1. Residue by residue through the range 84-136, note down the ones that are farther than 27 Å from ASP310 by Cβ and among the acidic types (Asp, Glu).
2. Restricting to the range 221-266, and then to whatever is farther than 15 Å from GLU61 by Cα and among the aromatic types (Phe, Trp, Tyr), can you tell me which residue is nearest to the ligand (Cβ to nearest atom)?
3. Could you please give the count of residues in the range 308-332 that are touching a Gly at 6+ places or on another chain (Cβ under 9 Å) and open to solvent by less than 60 Å² (accessible area, probe 1.4 Å)?
4. Take the range 85-95 and flag every residue that is in contact with an Asp or Glu (Cβ under 9 Å, 6 or more places away or on another chain) and either within 15 Å of the ligand (Cβ to nearest atom) or open to solvent by 30 Å² or more (accessible area, probe 1.4 Å) (or both).
5. Which of the following residues is open to solvent by less than 10 Å² (accessible area, probe 1.4 Å) and over 19 Å from TYR231 (Cβ atoms): ALA69, ALA154?
6. Could you figure out which of (1) under 19 Å from the mean Cα position of the chain (by Cα); (2) closer than 22 Å to ILE90 by Cβ; (3) touching a residue at least 60 places away in the same chain (Cβ under 8 Å) isn't true of PHE185?
7. Find all pairs meeting these conditions: Cβ atoms under 8 angstrom apart; at least six residues apart or on different chains; first residue within the range 1-13 and closer than 20 Å to LEU26 by Cβ; second residue exposed (fewer than 10 other Cβ atoms within 10 Å of the Cβ).
8. Take LEU74 and decide whether it is within 19 Å of MET196 (Cβ to Cβ), away from the ligand (no atom under 14 Å from the Cβ) and crowded, with 16+ Cβ neighbours inside 10 Å.
Amino acid sequence: MKTDIYNALQELRQSSKYMIGYPLNLKFDYSEIFDFLAYHINNIGDPFVLSRLGIDSKQIEQNCIKYFAQLYDLPDYWGYITSGGTEGNIYGILMGRELHPDGIFYCSEDSHYSVTKAAYLLNLPYVTISSQQNGEINYEHLQYEISQRKQHSAILNLNLGTTMKGAVDKIDRVVDILEKVQIPFHIHCDAALGGMLLPFIDEAPKISFQDYPIGSIAISGHKFLGSPIPYGVLITRKTLERKLEKNIEYIATKDTTITGSRSGLAAILLWDAITTRKEKFAQEVSTCIKNSCYLYERLQKMGYHPMLNDYSTTVVFDQPAYKICNKWHLATQGNLAHIVVMLHVSREKIDRFLDDLSVNS
Ligand SMILES: *Cc1c(COP(=O)(O)O)cnc(C)c1O
């Protein structure tokens with residue numbers, strides 16, 4: 001191995017040991033699929049229309065999309081593997097715009113920055129809704145702002161786990177508001193992390209396309225599932241997909257996706273994760289929740305005023321010394337910091353962090 005590449009590897013080994021402050025699961029094992037690294041795998045265009053390109057993993061990608069469609073209770077589905085949560089959000093919001101050209105976009109102030117970026121890219125007029133203390137959307141404010149614009153359709157982003165506080169917006173309450181105001185709407189769910197947590201928590205609200213008029217949902221693959229490369233999943237109703245359809249002779253498939261070439265390796269990684277771990281997902285989520293409760297209790301005793309939302313493993317607390325935030329890669333916002341308890345954030349790791357914290361406070 002070349003020296004500079006080797007050095008990069010050493011640095012990565014070191015910094016990965018202290019990664020607890022972002023929603024990234026570092027505990028994964030894809031050694032069974034190493035052989036795929038010798039190939040270029042390109043899922044260009046629509047996953048359900050095979051391309052002349054041919055060196056792809058679209059059959060596997062279709063299995064992945066089907067898994068998520070079932071997870072979210074959607075018999076007539078369409079979707080694809082994206083480059084990440086951001087692309088899924090852009091796609092879902094783009095669908096909203098195509099279906100409702102007169103639409104105004106609504107999202108809470110706790111939404112991920114990719115959400116307002118999507119509105120900017122799509123030239124969508126948007127209204128920012130205030131959040132509650134816990135990061136959940138303020139329903140009264142949402143109702144007020146929508147009522148002020150009754151002559152326009154509404155395109156909404158709802159967060160199923162906000163980035164900073166892990167708050168889950170209540171789909172049923174938002175649907176009640178929309179039905180009261182009686183305007184056409186498209187609901188996009190940003191479920192980057194929560195999309196893999198909520199379905200495996202018994203008490204959590206269901207993410208169900210059958211129970212609620214949801215239009216689209218975006219999930220990040222590298223968050224709960226974990227992966228050596230970033231990717232995401234976008235799921236929508238088959239009936240809504242048509243809008244963006246275009247046949248392209250050059251690739252002999254349909255250009256229904258935002259990017260052209262897409263990672264076929266991501267589909268292999270995702271299907272490997274699903275098939276080897278699907279029976280264990282509930283157990284994995286429960287371990288993360290238990291560990292986040294443990295971290296919460298310890299931080300409370302230490303006087304760091306922690307907060308832990310329902311159905312979340314994100315523990316928010318008073319921002320500690322700069323040195324600690326840097327070493328443990330803690331994401332900060334104002335005077336807050338957070339730890340996202342993912343699978344690799346074990347009790348031992350939490351204890352090591354807390355020891356460090358008590359010495360350096
Ligand atoms: C991480 C995150 C995103 C963006 O996902 P990427 O995969 O980094 O593009 C979007 N929304 C939320 C709530 C997130 O936490």
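1. Listed by number, the residues that qualify are GLU87, GLU98, ASP102.
2. The extreme case among them is PHE224.
3. 13
4. Once the filter is applied, which keeps residues that are in contact with an Asp or Glu (Cβ under 9 Å, 6 or more places away or on another chain) and either within 15 Å of the ligand (Cβ to nearest atom) or open to solvent by 30 Å² or more (accessible area, probe 1.4 Å) (or both), the range 85-95 yields GLY85, GLY88, ASN89, GLY92.
5. Working: ALA69 fails: over 19 Å from TYR231 (Cβ atoms).
So the residue among ALA69, ALA154 that is open to solvent by less than 10 Å² (accessible area, probe 1.4 Å) and over 19 Å from TYR231 (Cβ atoms) is ALA154.
6. Just one mismatch for PHE185, condition (1).
7. Once the first residue is closer than 20 Å to LEU26 by Cβ and sits in the range 1-13, its partners that are exposed (fewer than 10 other Cβ atoms within 10 Å of the Cβ) give LEU9/MET1.
8. Details: within 19 Å of MET196 (Cβ to Cβ): yes; away from the ligand (no atom under 14 Å from the Cβ): yes; crowded, with 16+ Cβ neighbours inside 10 Å: yes.
So LEU74 passes the test.
The values are calculated or read from the model by the stated rules, or taken from the named source; none is laboratory data. Since this is a predicted model, take the numbers as computed values, not measurements. Please note: Cβ atoms are built from the backbone with ideal geometry, for glycine as well, and neighbour counts cover all protein chains shown. Ligands, DNA and RNA are excluded from the accessible area calculation, which covers all protein heavy atoms including side chains. Shrake-Rupley method; radii C 1.70, N 1.55, O 1.52, S 1.80 Å.
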